[in-house]
1. Counting only residues that are under 28 Å from Pro198 (Cβ atoms), open to solvent by 40 Å² or more (accessible area, probe 1.4 Å) and outside any loop (DSSP other than H, G, I, E, B), how many does the stretch 221-262 have?
2. What number goes with the only condition from (1) open to solvent by 40 Å² or more (accessible area, probe 1.4 Å); (2) away from ligand 1 (no atom under 11 Å from the Cβ); (3) of a type in the set (Gly, Ala, Ser) that Ala200 does not pass?
3. Which condition number in (1) open to solvent by less than 60 Å² (accessible area, probe 1.4 Å); (2) out of contact with any Phe, Trp or Tyr (no Cβ under 6 Å at 6 or more places or on another chain); (3) within 16 Å of ligand 1 (Cβ to nearest atom) is the one that Val18 fails?
4. May I ask you to verify whether Asp26 is open to solvent by 70 Å² or more (accessible area, probe 1.4 Å) and either under 21 Å from Pro147 (Cα atoms) or more than 16 Å from ligand 1 (Cβ to nearest atom) (or both)?
5. Looking at the stretch 196-220, which of the residues that are assigned to a helix (DSSP H, G or I) and free of Cβ contacts under 8 Å to residues at least 12 places away in the same chain is farthest from Gly7 (Cα to Cα)?
6. Can you pull out the residues in the stretch 270-280 that are open to solvent by 10 Å² or more (accessible area, probe 1.4 Å) and either under 24 Å from Asp38 (Cα atoms) or among the aliphatic types (A, V, I, L, M) (or both)?
7. Please indicate, with yes or no, whether at least one residue in the stretch 215-233 is touching a helix residue (DSSP H, G or I) at 6+ places or on another chain (Cβ under 9 Å) and under 29 Å from Lys24 (Cβ atoms).
8. Among the numbered conditions (1) without any contact (Cβ under 8 Å) to a residue 12 or more places away in the chain; (2) under 25 Å from Arg78 (Cβ atoms); (3) not charged (D, E, K, R), tell me where Tyr155 comes up short.
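The values are calculated or read from the model by the stated rules, or taken from the named source; none is laboratory data. For clarity, every value in this text was computed on a predicted model and none was experimentally measured. We place every Cβ from the backbone using ideal geometry, glycine too, and count neighbours over all the protein chains shown. Quick note on the areas: whole protein, heavy atoms, side chains included, nothing else; ligands and nucleic acids left out. Shrake-Rupley method; radii C 1.70, N 1.55, O 1.52, S 1.80 Å.
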Amino acid sequence: MARITNGLATSHVPAIGVAMDLGKTDEPYWQPVFAGYDWTRQWLAQTKPDVIILVYNDHASAFDMKIIPTFAIGCGERFKPADEGWGPRPVPDVIGHPELAWHIAQSLILDEFDMTIINEMDVDHGLTVPLSACFGALPEWPAKVIPLAVNVVTYPPPSGNRCWALGEAIARAVASFPEDLNVQVWGTGGMSHQIQGPRAGLINREWDNRFLDGMVGDSDHLRRIPHIEYLRETGSEGIEMVMWLIMRGALGRATRALHRHYHVPASNTAVGHIVLEPVT
Ligand code: DHB
Ligand code: FE
């Protein structure tokens, strides 16, 4: 049977991808950001996930005001890096896992999560930057990826509690797939950041670190954080962190942390990263 072995969360700051693509990772500004991913690159080389369910948000690259799916699952064979205005990033295409993705879509919809099924879409920094940060620059990605896009750009985003419940339903879906697959769930985005308006540049280290603390153990209180708290305490883009709760919900009752990293600054954003293991 397929099984979810681990969860991982990371910020998806676009400038991290640009720093890699332009060979700037050893510069003093970037070195401490990338140092936090060294452990993860070695760990991923050892644990070798077959498939990553990668929870991210599109930033008006594949979707715009014409269509705003709350939860969308990529069921296609492959997904190209999106052109976000400067041409597509020079990273490999993302190879999907249509059999598992369709199985998850069917299981989720029959489990009363009304997913949007997407067979064709380009994937932006929300998805490609976590792959780059965690795997490094490679000619092809070493795992299949099922993109799971969440609307956190246009009000209203889904609640943290709903995201957690979706994660639980994803775990049920994966557990009922007959092939023996090592599956990881990644949640991306955050941590505190606001990239527009009078509070642009807002960072809240204390709140972010409490959220990282909360990811470990039973984490139940994180489900109850209302949208207004993310907005007030972590800036307008901090709401991306509800996507971490899909990953956390998929890991079950309790977790322990294998690795944790937090660094400010990276562009306008507090970079947070955690690798989790379910505790049964
Ligand atoms: C920045 C961070 C993001 O998460 C994003 O999607 C876009 C920009 C930034 O820090 O500039
Ligand atoms: Fe973002």
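1. So the count comes out to 7.
2. Looking at each condition in turn, Ala200 falls short on (2).
3. Single failed check for Val18: (1).
4. Working: open to solvent by 70 Å² or more (accessible area, probe 1.4 Å): yes; either under 21 Å from Pro147 (Cα atoms) or more than 16 Å from ligand 1 (Cβ to nearest atom) (or both): yes.
It is true that Asp26 is open to solvent by 70 Å² or more (accessible area, probe 1.4 Å) and either under 21 Å from Pro147 (Cα atoms) or more than 16 Å from ligand 1 (Cβ to nearest atom) (or both).
5. Among those that are assigned to a helix (DSSP H, G or I) and free of Cβ contacts under 8 Å to residues at least 12 places away in the same chain, it is Glu206.
6. Taking the stretch 270-280 as the starting set, the residues that turn out to be open to solvent by 10 Å² or more (accessible area, probe 1.4 Å) are 277-280.
Scanning the stretch 270-280 gives Glu277, Pro278, Val279.
7. No, because not a single residue in the stretch 215-233 is touching a helix residue (DSSP H, G or I) at 6+ places or on another chain (Cβ under 9 Å) and under 29 Å from Lys24 (Cβ atoms).
8. The number of the failed condition is (2).
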